[in-house]
Amino acid sequence: MSTKPTPVDEADLHARLATLTLEQKVELLTGRDFWALNDAPVAGLRRMVLSDGPAGVRGERWDERSPSANVPTPTALAATWDEALVGRIGHLLASESRAKGVDVLLAPTVNLHRSPYGGRHFECLSEDPFLTGRIGTAYVQGVQSGGVAATVKHFVGNDSETDRFTVDARIDERTLHELYLAPFETIVADGVWAVMSAYNQVNGTTMTESALQRDVLKGEWGFDGMVMSDWYAARTLAAAGEELLDLVMPGPTGPWGAALVAAVEDGSIPESSVDDKVLRLLRLAARVGALSGVAAAVPAVTPWTHDQIAAELRSAAAAGFVLARNEGGVLPLADSVRSVAVIGPNAAAGRTLGGGSATVFPYYTVSPLDGILAAADDRLTVTHSVGVRSSDRLAPTTSDQLLLPDDSGPGAVVRFLDADGAELGSEVRLGSAYTWLGLVNDDLAVPDVATVEVATRLVVSESGSYLVGAAGVGAFRLTVGGDVTVDEQVALPDGADAVEAMMTPPQRSTSIAFRAGEPIDVLLSFT
């Protein structure tokens, strides 16, 4: 799969640039919202949409109503040592991207497994720069062969989640080039269309302001694509310097805007620097088909069927497994075996995702227990025990545990209220984990919502005591069976990363006695 695009008409890009005022050009250099870029109709530029990877394509809506193919974790993909297979996975992701209206996929992650403390290592490919470069290139080739831009990230040295906004990675010159930069160099040489700059510092300089972007990435390597910030990584006007960062994400607020316009007007930043950034954005737009009158660099990918996706994912997952030892030939199970014990907290509820930016809502999951039960014949008895819980997090309720308040079907009614309690909109949801980033829907922005109200009826299949609660940051009032069980303002602990509010928020719960098949009314108010 070739990623070499049809050459972009540079004269056309310059002509489009000339139609824009300084203010219009600067506006393009900060995102429109959490996932999209600003359009510029006068230049024939439509809105472009970005989406998280690398274990699937999330899209702008992050919930069970917009499921995604859940590809194996990138570390498992690298463990296949199979560039052709990874290229097909990339092509699958391009198909998913186009189905969700996505132009730019924020993947692959090619930081190295240099320490066991790297909180996002499951998003990365390998500890080896050569393997990372080769597999990363195959991934990019697959994605871009479908007309979707890949974004190699995080440039560079982003190998720790601890103090990720402030940590300073001290790396000597040889190690920097032979290890940390090497995968990026390989992938850039093959023609990746976008790069994401990291949160951290390297040798005392924050990466969004680092001269490595100018001297190495754009200079030595000749990268002609666009460099965007990781989300909220751009914190100063200094990152807008010549040949440094090109795009601040997310928007619409950020450190550039009016400050960058003023800096150009007073001569502290040349307008040619802004022009170069806009040209890079227009070049990306031309490649993904976001410019009027310009065909995309490669034809759009043919949509994959669900059967094709399932077969490819199963093949890729299997290829990433290695049986290191089969002591005593215990596998495959002998015919004489009559019972199997499956023990562990992730057996019945399979953990197929690592969390964070790599989280999607799969079309379905098959847990280890489900798979073993499906494979077992009549002679085999399968017994399951949770064993020791690996986490104190409450599991979100599943669709079969939720009934609409009027008992008309499964689900929960979610209402959005303004500060006066007036309803702004509502929706029916089949799950109980809710995330809205920027927009609730096309007609309603998150800042306009004061309170979210969730009404449902909980039902269980086995009688017993269950913890019922809520998680998040804000004011919670939870009523279960007519009794108020939580009424509290919940905040993150001191020193917590703001992302914890979304990924591992504080939770509050109460033990409730249930009888099998008998629903209990639940009402949650969240401000």
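The values are calculated or read from the model by the stated rules, or taken from the named source; none is laboratory data. On a predicted model such as this, the values are computed, not experimentally measured, just so you know. Every residue, glycine as well, gets a Cβ built from its backbone with ideal geometry; the counts of neighbours run over all protein chains shown. When the accessible area is computed, the model is the full protein with side chains, heavy atoms only, and any ligands, DNA or RNA have been set aside. Shrake-Rupley method; radii C 1.70, N 1.55, O 1.52, S 1.80 Å.
Just to check I understand the Karplus step: with θ = phi - 60° and J = 6.51 cos²θ - 1.76 cosθ + 1.60, what whole-Hz values come out for the stretch 458-467, glycine and proline as x?
8, 9, 10, 8, 10, 5, x, 8, 10, 7
If I take R0 = 22 Å and measure r between the Cβ atoms of residue 427 and residue 502 in this structure, what FRET efficiency does the formula 1/(1 + (r/R0)^6) give, to the nearest 0.05?
0.70
Which whole-number percentage describes the relative contact order of the chain, with Cα contacts under 8 Å and a sequence gap of 6 or more?
14
What percent antiparallel are the DSSP beta bridges of the chain, to the nearest 5?
Close to 65 percent.
Can you compute 3J(HN,Hα) from phi for each residue in the stretch 482-497, using the Karplus curve 6.51 cos²θ - 1.76 cosθ + 1.60 with θ = phi - 60°, rounded to whole Hz and x for Gly and Pro?
x, 9, 6, 9, 9, 8, 7, 8, 9, 10, 5, x, 4, x, 6, 5
How much length is gained on full extension from residue 443 to residue 253, taking 0.36 nm per residue of separation minus their Cα-Cα distance? Let's see the in-between values first.
Values: separation 190, 0.36 × 190 = 68.40 nm, distance 1.98 nm.
Length gained between residue 443 and residue 253: 66.4 nm.
In nm, to one decimal, how far is the modelled label at residue 131 from the one at residue 327, with both set 7 Å along Cα→Cβ?
2.4
Quick one: ranking 122, 476 by accessible area, 1.4 Å probe, largest first, what do you get? Kindly include the intermediate steps, with their values, before the conclusion.
Values: 122 55, 476 15 Å².
Per-residue accessible area, sorted high to low, gives 122, 476.
So how far apart, in nm, are the two label points at residue 491 and residue 14 if each is 7 Å from Cα heading toward Cβ?
5.7
If R0 is 41 Å, what FRET efficiency do you get for residue 341 and residue 435 from their C-beta distance, rounded to 0.05?
0.65
Can you compute 3J(HN,Hα) from phi for each residue in the stretch 154-168, using the Karplus curve 6.51 cos²θ - 1.76 cosθ + 1.60 with θ = phi - 60°, rounded to whole Hz and x for Gly and Pro?
9, 7, 8, x, 8, 10, 9, 8, 5, 6, 5, 7, 10, 4, 10
Quick one: angle between helix 271-288 and the longest Cα principal axis of the chain, in degrees between 0 and 90, rounded to 10, please.
For 271-288 against the chain, the angle is about 50 degrees.
Helix 129-144 against the longest principal axis of the chain: what's the angle in degrees, Cα atoms only, rounded to the nearest 10?
Relative to the chain, helix 129-144 is tipped by roughly 90 degrees.
Kindly express, to the nearest 10 degrees and within the range 0 to 90, the angle between helix 306-319's C-alpha long axis and the longest C-alpha principal axis of the chain.
90
Using amide H atoms built in the peptide plane, which far-off residues or other-chain residues are under 5 Å from residue 161 H to H?
119, 120
Once R0 is set to 41 Å, what does the formula 1/(1 + (r/R0)^6) return for the Cβ-Cβ distance between residue 415 and residue 364, expressed as a FRET efficiency to the nearest 0.05? The partial results should precede the final answer.
Numbers: r = 29 Å, r/R0 = 0.70.
Plugging the Cβ-Cβ distance into 1/(1 + (r/R0)^6) gives 0.90.
Provide the solvent-accessible area of residue 459, counting protein heavy atoms only and rolling a 1.4 Å probe, rounded to the nearest 10 Å².
Estimated to the nearest 10 Å², residue 459 gives 20 Å².
Full extension from residue 165 to residue 308: what is 0.36 nm times the residue separation minus their Cα-Cα distance, to one decimal in nm? Write down the numbers at each step before the final one.
Details: separation 143, 0.36 × 143 = 51.48 nm, distance 4.04 nm.
Stretched fully, the residue 165-residue 308 segment lengthens by 47.4 nm.
Within the accessible area of the stretch 35-75, what % is carbon and sulfur when the probe is 1.4 Å and the other protein chains stay in place?
Heavy-atom surface of the stretch 35-75 belonging to carbon and sulfur, 1.4 Å probe: 53 percent.
Order 462, 60, most accessible first, counting only protein heavy atoms with a 1.4 angstrom probe.
462, 60
Keeping all protein chains in place and using 1.4 angstrom, which order do 378, 172, 400, 190 fall into by accessible surface area, from largest down?
Largest accessible area first, the list is 378, 400, 172, 190.
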